[in-house]
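A short worksheet on the structure shown next.
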Amino acid sequence: MDSVSLLAQPWVSSALYRETTPTLGSPDAGASQRLMVPPRPSKTVLRGSGEGLDGVQQGKGLPPPPAVPAAPPPGQPGQMSNTARAMAFGDPPVPAMYGGAATGPRIIGLERCAAFRERVALAGAEPVVAPAGLFNTGTNLLNSLLGLNCRRPSNGRWRSSPGPFLWQVPWGKHNPLSWRGSHFAPSSRGQNVSTVIPVMLIKDPLTWMKSMCRHAYAARFKTHRANLCPSPVEASETTVAFQKDRQIHYDSLLHLWNQWNRAYLDSTLPRLIVRYEDLLFTPDLVLQKVCSCVGGVMASESFKNLSESSKKGLGHGDGGSDRAKALARYGSQEARLSGYTQGDIRFIQRTWEANLVDTFLYGDLGNWSAVGQGGVASAIGAW
């Protein structure tokens, strides 16, 4: 399904999300944004793509809406099948190229949560989660959603602030995992890293590389065809200044993706790894599991999503994508492959880390052989 067709689907809302750079020390950063709360299943709602149809009752002469399954019990979004949940909450299912609705969120490391909580409790401390990930992987979105939805109960009462999370891992959310314990971000000096379980976000390498073309942050890489960045991928030598005095060189953007993410996958430390695509398409399911990992609970029975891009402020370029655009962009195989040549795809297939690709179901490239030698130039500019 192309992006134009996707935007016309009834489940693509005109509501937006915005990835916000949080104010340090404010666990509810981003809470002032306009919220998008999924419609109650008992109501009939038409959801348009910017035409002002949200909340309009079923009109006379229109066909009856499909039957909607009952909502899950409060705080238990995972009790529904993903297909039923998508119908009930008005969200699109996870795209088929990422395993489809039947797969559920692919979260690595949940089996380590109980032992982590017990170890931290024995030390007389409270466990917390904290986002980590490469640039353009949704770390600010995760932080904002945690602030809106995740709380820690205390003595039978709700503790509204702080929640069981930090806005980034103490060693800096974009820095390599190897820096854990030896480097501290200014806002985390004095933080005991043993009480923090990182939630590392990983994104499809094909879409991530194009996001890096939009805004590279601290990375610098060679671009030989300005209108088709990152093609040719094989020639995209990359240097990342994680700190001004600490730069690391990579043979290509894809090598950066491989090495940075593989460190978290291979680690024996307590950590969670979450697909960005699951956070985008099924945020309620992801948040429930992440929050419960540290003994937290969802703040209310109605999941709160963000209505605008959570990227804003200095250093965030164009401010990211609104939700409707993101759903179209990351739900389309055509948009995913656009801009890459057959040579790029062959290089990607022989270079990407197979364990990462297999674990997170990024290997479905559809009919990539139909990509022309010059790539599909028409869609890359809209990425």
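A short reminder: the numbers here are calculations on the coordinates, not readings from a lab. Worth saying up front: this structure is predicted, and the values here are computed from it rather than measured. When we count neighbours, we look across all protein chains shown, and the Cβ atoms used for this are built from the backbone with ideal geometry, even at glycine.
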Check your understanding: Roughly how many nanometres apart are two label points built 7 Å out from the Cα toward the Cβ at Ala235 and Leu269?
Key -> 3.8 nm
Revision key, fill the gap. Over all viewing directions the Cα convex hull of the stretch 219-297 casts an average projected area in nm² of 7.7 nm²
Check your understanding: What full-extension length gain, to one decimal in nm, is calculated for Asp251 and Ala96 as 0.36 nm per residue of separation minus the Cα-Cα distance?
Key -> 52.7 nm
Revision key, fill the gap. Ranked on Cβ counts within 10 Å of their own Cβ, fewest leading, Glu111, Glu277 go Glu111, Glu277
Study note, to complete from the structure: Within the under-10-Å Cβ sphere about Ile108, not counting Ile108, Lys/Arg +1 and Asp/Glu -1 give a net charge of +3
Practice item. Give me the distance in nm between label points sitting 7 Å out from Cα along the Cα-to-Cβ direction at Ala114 and Thr359, one decimal. Key: 2.2 nm
Check your understanding: Any idea what the alpha-carbon Rg over 2.2 N^0.38 Å comes to for the stretch 172-230?
Key -> 1.51
Point to revise | Modelled FRET efficiency - R0 22 Å, His183 with Ala123, Cβ distances, 0.05 increments | key: 0.50
Revision key, fill the gap. Two pseudo-spin positions, 7 Å from Cα along C-beta at Arg214 and at Ser302, lie apart in nanometres by 2.9 nm
Check your understanding: So what J values fall out for the stretch 361-368 if you push phi through Karplus, 6.51 cos²θ - 1.76 cosθ + 1.60 with θ = phi - 60°, rounded to Hz, Gly and Pro as x?
Key -> 6, 9, x, 7, 9, x, 8, 5
Point to revise | Rg in Å to one decimal, and Dmax rounded to a whole Å, for the stretch 204-265 via C-alpha atoms | key: 11.2, 33
Check your understanding: What ranking of Lys325, Lys210, Lys244 emerges when the number of other C-beta atoms within 10 Å of each C-beta is taken as an exposure proxy, fewest first?
Key -> Lys244, Lys325, Lys210
